[in-house]
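Novice: There's a structure below that I have some questions on.
The values are calculated or read from the model by the stated rules, or taken from the named source; none is laboratory data. Quick caveat, the model's predicted, so the values are computed rather than measured. Cβ: placed from backbone, ideal geometry, glycine included. Neighbour counts: every protein chain shown.
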Amino acid sequence: MVSPLDIAGFSVLLLLALAAAAPLLRSVRTLQIPLGFSLSAVASLAAVVAGVMTVSEGSVASATMSLGIPGLPFHLRLDPLAGFFLVVIGLMGLFVSVYSIGYVKGYGGHRSITQMISFYMLFLAGMLLVVLADDAYFFLVAWELMAASSYFLVMYEDERAENRRAAFLYLLIAHVGAIAILLAFGVMAGQSGQGGFDGYTFDAMRTAHLSPAWATAAFFLAFFGFAAKAGVIPLHVWLPEAHPVAPSNISALMSGVMLKTSIYGICRFAFDFIKVFPWWWGGVVLALGLISAVMGVLYALMQHDLKRLLAYHSVENIGIILIGLGLAMIFAAFQLPTLAALALVAALYHTLNHAMFKGLLFMGAGAVLHATHERNMEEMGGLIHRLPWTAPLFLVGCVSISALPPFNGFVSEWLTFQAFLLSPALPHPILKLLIPLGAALLALTGALAAACFVKVFGVVFLGQWRGHQKPERIQEVGPSMRAGMLLAAISCFLLGIFPTWIIGWLDTIPEQLCGGRLAESAGKFGWMWLTPIAHERASYSGPVVFIGILAVVAATWLLLHLRATRVSRVPVWDCGFAKLTPRMQYTASSFSMPIRRVLGFLFAVREQVEVVPHTNHPAMPGSLQYRLRIRDRFWNWLYAPQGDAAYWIARQVGKLQQGRIQIYLLYSFVTLIVLLVFLG
Amino acid sequence: MSLHPFAIELLQFFLLLGLAPAFAGWVKMLKCRVQGRTAPGVLQPYRDIRRLFGKDIVLAENASWLFRFTPYLVFGVTVIAAGIIPLISVDLPLSATADVIALVMLFGIVRFFTALAGMDIGTAFGGMGSSREMTIASLAEPAMLMAIFTVSLASNSTSLTQMVSVMAHAEYVIRPSLAFALAAFIMIALAETGRIPVDNPATHLELTMIHEAMILEYSGRHLALIEWAGMMKLTLFFALGIAAFCPWGISTGGDIISLALAFGTLAVKLMVGALVMVLIETGLAKMRIFRLPEYLGSAFLLATLGMIAFFILE
Amino acid sequence: MTHTLAAQINNLLAALILLSAFALLAQRKILGLVHIFAWQGFFLALSTAVIGFASGEHHLYISSLLTLGMKVILLPYILYSLVRKLKIHRDIEAVVNIPTTMLLGIMLVVFSYHLTAPIRELSNLMTRSTLAVALATVMLGMLMMVTRRHAVTQILGFLAMENGLFFAATSATYGMPMVVELGVALDLLIAAFIFGIFFFHINTTFDSLDVEQMAKLKETD
């Protein structure tokens, strides 16, 4: 029986081999793309198999490789938490690889396909290794591999200055985060009491005894580093810059999977290394999660660039995952293991769901971009007629992310709400009062997300074509792209219909991390009914809802079509207005205007309307110019001052470079004298 | 003689399907009487629906499959929601399909697809209706959740049958938290069902319509399904309020006598509730849309006060 | 009327007092504010009577009548005639917008709940849980004074604070000694008259009752 660790190892090796072999395949041009991505699909599938096996068995496997620095060889470990993230990475890798077969073909001739394939494989391999690493050094090697390969992928279309800028910002913040993670590892290793490099293995960190001050320092350093990578507010500014400029299949991977490695890191640190912590850590995580969720969705509502909007939604969903994690930490700190298990399962389920539907949405956005060469939503419209496959699949993604039954987004948000509603069980009186306010904010986020996706789907796919180019030239995308999206859509549906099986499968993770089991109570009434905690408390049945709606819809349709009635197609009624033009439709900015008016005080919004009156009638407008500018306040508060400070310091240091020979000779002379003084 | 739970479920479906138009007619009649006009009769909505089913469908040229599918989906989801709220009996097998939060999300599906259908044709009216509807829904969600949470504190559950059972059997206790939650729920229900002071259900003026703007282009049986679903949604919100706040009289077994009694009390409660709503609608004017955040914020505040009152005073 | 029923009615009245404190924060029209203040006094009087019935302290009935006369009838009448004479009928602007004020109010309620927790442990009176509401009313009155710009609303905030203190007295110790209560009532009445005189002065000097105008009295710029 092959062990899961072997399968995972095979997967990584295959990806690394593909990355190395890509230049060799350049000669076989027609085969390069299909072969490369099919093999990466196989590798991803292997990772999924390994993960599924590990989580369902609850097994823990370790291995040590002979690579690495002297005194610290690479350690590998595959436990249920890592297995779960292997599934997330593998599933998304599989779908995006299938999708990429068609998508990357569009770049043929313009750019180097080899680069794309190599870095893609390295990126996937890096993510898999991050999850498998069992010592600090290997972890950071894998982390850097992930960051560097994604940097090159983000910069794939590097002839535009803004793309280079976005990639640089991404790399900068990723490295600031990496330094924080390294420091956190350093604290843990230092306190583990083991000499040499042995303290850097995760096993040593698990057994370390930390004083509360050091534990707090380690956790918050790690949280800062992982939050920077995940895009938690206020460290989110790179996300809306980097994700849109990357090729869409890479955006899907980055948004769907790479952000989740940070969640893996936070889980590892809090629940695996530092098992006992005070409740206020969870409070901080919860508060940051709530802020990210609300601000993320509000920023998303203001956007009219399709991919930038989706990137901001990733900020929002990471916030929702952090909400679940924060609640789990609070419950665990108060020794309520079953409730902590519920919140943890909600967070992990949302991780998987988000990977699925965000990947689907980015793949759909990529399909739209591929077909129309447009990223600006204000130039689109009516694509449901031109892209008959992409539209319903994108709709599945929109419905899922808006947390509507019977799809998967609803299940994880419902579980998060149930975790919130259990807060009266907490013994702390003030927390009992404040946490429900968080539930209200989560409800606000969900409703705003639904509003945003009505806007996205309505402006992009519905209505009439708003753009300048001829819509007849727009063609549906190829079969592999459709297949990738279809697979993701099917998984969204299945995750929504069979939550009890998924929770049953996940059960080993909360048991290992916080000591509580959920599957018993959740599936007590059979696979159809999801009853976390207790049947009288709350219950939901995805299959019944789905079948019920389907049955009623089918029955109604049949009954109404028993006798043939005419359907006549006529020009639009529109209350009798005859001259309807596409420009009279609502645009993305106008759709979100009421929300901008109500909640816009959180941003720096500047709206400018210039009216040029008509030459004949001074009271009637001849032409109208509307300018809307929305700035991210965090940019002005946090980043611009730091950038200015960095420039100032650099200028001061730059004064050392005088240009005159005598000054440089003076430097050498002074150094010599100082050395003589100290060594003498 | 006792009815099997599935029979009770079926009975509830037919009751709701059959009597929702009568309830809408009753509301209309009360409104006309209070405002000194002649009412069109309680059975008029039936005639309207039958007339619409008989008409042909007139579709815009660029209407997509989503436009044609939405009425069926809206109707289907509303019917499913009808099977979840306990109307006459607590013994309802489908009620475990969804708790209150899932029920609110089911109504969310209706709203989502109606808003998409509004944007489908590409007119300014549809976009306007969709945009306003989603804004109001976003602001109403926190208040709705807070009200649900406050109610669930008393019964320690969000399952509707459990809430009804606990409330129906609890001793007579004055709970300020429930009073606040009820006030908040009434305000939210007015927003969700599109009544004055949030939206005028009887208007077709472009500046004042929200729900009507989204369904402006529908005709024939599509419009019939949407209108019927709208009437059911109004009845369901009343039923939800009655189930959560004053469910006394509901049948706990399945025997015919208690079911009939439960139906009678439900009818009386619905009629009284309709009178209260008509008085509110007649006494207030429709608000400017940018005053709605204050209105919904007050609802949220009331619900939060209810929750705080529960922890502090009970 | 049993003991527990009296406690529940008292809790309901406490909740209504808290609601009226929030309504004072949210209301824009001056006459509306006066009406809400009258309602708050009415709930307070009822609550005092209920506590008097349940605890057997009969002097609370006299307190209740005094509250009824002063805070429900006399003071609102004085304020109403002031408003009419000074012809103040506009809406009031707040320094901070209303949703933020509400959020601050909720935070203050949570804070006062936290503060009164130890007293709740020690007390065995039936009104121990309403002490948090009383303290919250005091704080909300202070919040109203801080966030409003009109002189009349500041007076109303002060009077609301006094309502809260009175409610706290009845919650914590079943009322103050009769002499103290009479003295406080007399002080309130005199305060109302003095405020009236001040309003006329301010109005003639600045031609408005917006207290932001008093910033003109600063020496430096």
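Novice: So which residues in segment B:46-81 are over 17 Å from A:L395 (Cβ atoms), of a type in the set (G, A, S) and touching a helix residue (DSSP H, G or I) at 6+ places or on another chain (Cβ under 6 Å)?
Specialist: B:A81
Novice: Here's something else I'd like to know. When you look at B:S95, is it more than 30 Å from A:G576 (Cα to Cα), more than 7 Å from every other protein chain (Cβ to nearest Cβ), in contact with a helix residue (DSSP H, G or I) (Cβ under 9 Å, 6 or more places away or on another chain) and assigned to a helix (DSSP H, G or I), yes or no?
Specialist: Numbers: more than 30 Å from A:G576 (Cα to Cα): yes; more than 7 Å from every other protein chain (Cβ to nearest Cβ): yes; in contact with a helix residue (DSSP H, G or I) (Cβ under 9 Å, 6 or more places away or on another chain): yes; assigned to a helix (DSSP H, G or I): yes.
In short, yes.
Novice: What residue, of C:T137, C:T116, C:T127, is among the hydroxyl-bearing types (S, T, Y) and more than 12 Å from chain B (Cβ to nearest Cβ)? Let's see the steps before the verdict.
Specialist: Numbers: C:T116 fails: more than 12 Å from chain B (Cβ to nearest Cβ); C:T127 fails: more than 12 Å from chain B (Cβ to nearest Cβ).
Going through C:T137, C:T116, C:T127 in turn, just one is among the hydroxyl-bearing types (S, T, Y) and more than 12 Å from chain B (Cβ to nearest Cβ): C:T137.
Novice: Looking only at residues in segment A:473-509 that are within 14 Å of another protein chain (Cβ to nearest Cβ) and of a type outside the set (G, A, S), which one is surrounded by the fewest Cβ atoms within 10 Å (Cβ to Cβ)?
Specialist: Filtering segment A:473-509 down to residues within 14 Å of another protein chain (Cβ to nearest Cβ) leaves A:496-497, A:499-500.
Now narrow it down to the ones that are of a type outside the set (G, A, S): A:497, A:499-500.
On the way: A:I497: 22, A:P499: 29, A:T500: 25.
That would be A:I497.
Novice: With respect to the numbered conditions (1) surrounded by 24 or more Cβ atoms within 10 Å (Cβ to Cβ); (2) over 25 Å from A:A230 (Cα atoms), which one is the sole condition not fulfilled by A:K358?
Specialist: Tallying (1) surrounded by 24 or more Cβ atoms within 10 Å (Cβ to Cβ); (2) over 25 Å from A:A230 (Cα atoms), A:K358 fails exactly one: (2).
Novice: For segment B:147-204, how many residues meet the condition of being assigned to a helix (DSSP H, G or I), among the aliphatic types (A, V, I, L, M) and within 17 Å of the chain's Cα centre (by Cα)?
Specialist: 13
Novice: Here's something else I'd like to know. Can you tell me which residue within segment A:1-30, out of those that are assigned to a loop (DSSP other than H, G, I, E, B) and loosely packed, with under 12 Cβ neighbours inside 10 Å, is modelled with the highest pLDDT?
Specialist: A:V2
Novice: Looking at A:I549, A:I490, which one is β-branched (V, I, T), part of a helix (DSSP H, G or I) and touching a residue at least 40 places away in the same chain (Cβ under 8 Å)?
Specialist: So the residue among A:I549, A:I490 that is β-branched (V, I, T), part of a helix (DSSP H, G or I) and touching a residue at least 40 places away in the same chain (Cβ under 8 Å) is A:I549.
Novice: Within segment A:383-395, how many residues are part of a helix (DSSP H, G or I) and either among the polar types (S, T, N, Q) or closer than 17 Å to A:Y99 by Cα (or both)?
Specialist: Of the residues in segment A:383-395, 5 are part of a helix (DSSP H, G or I) and either among the polar types (S, T, N, Q) or closer than 17 Å to A:Y99 by Cα (or both).
Novice: Could you grab me the full set of residues in segment A:510-521 that are touching a residue at least 40 places away in the same chain (Cβ under 8 Å), buried (at least 21 other Cβ atoms within 10 Å of the Cβ) and assigned to a helix (DSSP H, G or I)?
Specialist: A:P510, A:L513, A:C514
Novice: Next up: Out of all the residues in segment B:108-126, which are closer than 30 Å to A:L580 by Cα, modelled with pLDDT of 90 or more and either within 7 Å of another protein chain (Cβ to nearest Cβ) or over 15 Å from the mean Cα position of the chain (by Cα) (or both)?
Specialist: B:I109, B:F112, B:F113, B:T114, B:A115, B:L116, B:A117, B:G118, B:M119, B:D120, listed by residue number.
Novice: Which of the residues that make up segment B:237-267 are assigned to a helix (DSSP H, G or I) and more than 24 Å from B:A147 (Cβ to Cβ)?
Specialist: Within segment B:237-267, B:I256, B:I257, B:S258, B:L259, B:A260, B:L261, B:A262, B:F263, B:G264, B:A267 qualify.
Novice: Tally time: how many residues in segment B:161-189 are buried (at least 24 other Cβ atoms within 10 Å of the Cβ), more than 14 Å from chain C (Cβ to nearest Cβ) and of a type in the set (A, V, I, L, M)?
Specialist: Result for segment B:161-189: 3.
Novice: Out of segment C:182-205, which residues are of a type outside the set (A, V, I, L, M, F, W, C) and closer than 26 Å to C:G164 by Cβ?
Specialist: Correct list: C:G183, C:D187, C:G196.
Novice: I'd like the full set of residues that are part of a helix (DSSP H, G or I) and more than 13 Å from A:F226 (Cβ to Cβ), limited to segment A:178-192. It would help to see each step written out before you state the result.
Specialist: Residues of segment A:178-192 that are part of a helix (DSSP H, G or I), as a first pass: A:178-191.
Within segment A:178-192, A:G186, A:V187, A:M188, A:A189, A:G190, A:Q191 meet the criteria.
Novice: Looking at (1) modelled with pLDDT under 85; (2) farther than 25 Å from C:L189 by Cβ; (3) of a type outside the set (S, T, N, Q), which is the only condition C:L25 fails?
Specialist: Every condition holds for C:L25 apart from (1).
Novice: Considering only segment C:117-169, how many residues are β-branched (V, I, T) and farther than 17 Å from B:I312 by Cα?
Specialist: Looking only at that region, the number is 5.
Novice: Here are B:A60, B:A81: which of them is of a type in the set (A, V, I, L, M), in contact (Cβ under 8 Å) with a residue 24 or more places away in the chain and either more than 14 Å from chain A (Cβ to nearest Cβ) or surrounded by 23 or more Cβ atoms within 10 Å (Cβ to Cβ) (or both)?
Specialist: B:A81
Novice: Let me ask something additional. In segment A:563-592, what residues are over 16 Å from B:E206 (Cβ atoms) and within 7 Å of chain B (Cβ to nearest Cβ)?
Specialist: Matches in segment A:563-592: A:T565, A:R566, A:V567, A:S568, A:R569, A:V570, A:P571, A:P582, A:F591.
Novice: Among the residues of segment A:552-562, is there at least one that is surrounded by 15 or more Cβ atoms within 10 Å (Cβ to Cβ), at the interface with chain B (Cβ under 9 Å from one of its Cβ atoms), at pLDDT 85 or above and not in a helix (DSSP H, G or I)?
Specialist: No, because not a single residue in segment A:552-562 is surrounded by 15 or more Cβ atoms within 10 Å (Cβ to Cβ), at the interface with chain B (Cβ under 9 Å from one of its Cβ atoms), at pLDDT 85 or above and not in a helix (DSSP H, G or I).
Novice: Here's a follow-up. List the pairs whose first member sits in segment C:33-48 and is in contact (Cβ under 8 Å) with a residue 60 or more places away in the chain, whose second member is aromatic (F, W, Y), and whose Cβ atoms are under 9 Å apart, counting only residues at least 6 apart or on separate chains?
Specialist: Pairs that qualify, where the first residue is in contact (Cβ under 8 Å) with a residue 60 or more places away in the chain and the partner is aromatic (F, W, Y), are C:V34/C:Y80; C:L44/C:F166; C:L44/C:F167; C:S47/C:F167; C:T48/C:Y61; C:T48/C:F166; C:T48/C:F167.
Novice: Somewhere in segment B:131-153, is a residue crowded, with 23+ Cβ neighbours inside 10 Å, in contact with a His (Cβ under 8 Å, 6 or more places away or on another chain) and not β-branched (V, I, T)?
Specialist: For segment B:131-153, residues crowded, with 23+ Cβ neighbours inside 10 Å, in contact with a His (Cβ under 8 Å, 6 or more places away or on another chain) and not β-branched (V, I, T): present.
Novice: Can you find, within segment A:437-471, the residue that is farthest from the other protein chains (Cβ to nearest Cβ) among those that are of a type in the set (V, I, T) and either surrounded by fewer than 24 Cβ atoms within 10 Å (Cβ to Cβ) or within 30 Å of B:L302 (Cα to Cα) (or both)? Give the derivation first.
Specialist: Narrowing segment A:437-471 to residues of a type in the set (V, I, T): A:445, A:454, A:456, A:459-460.
With either surrounded by fewer than 24 Cβ atoms within 10 Å (Cβ to Cβ) or within 30 Å of B:L302 (Cα to Cα) (or both) added as a condition, the list becomes A:445, A:454.
On the way: A:T445: 9, A:V454: 5 Å.
Ranking the candidates gives A:T445 first.
Novice: With basic (K, R) and surrounded by 21 or more Cβ atoms within 10 Å (Cβ to Cβ) as the only criterion, which of C:R120, C:R148 stands out?
Specialist: Selected residue: C:R148, the only one of C:R120, C:R148 that is basic (K, R) and surrounded by 21 or more Cβ atoms within 10 Å (Cβ to Cβ).
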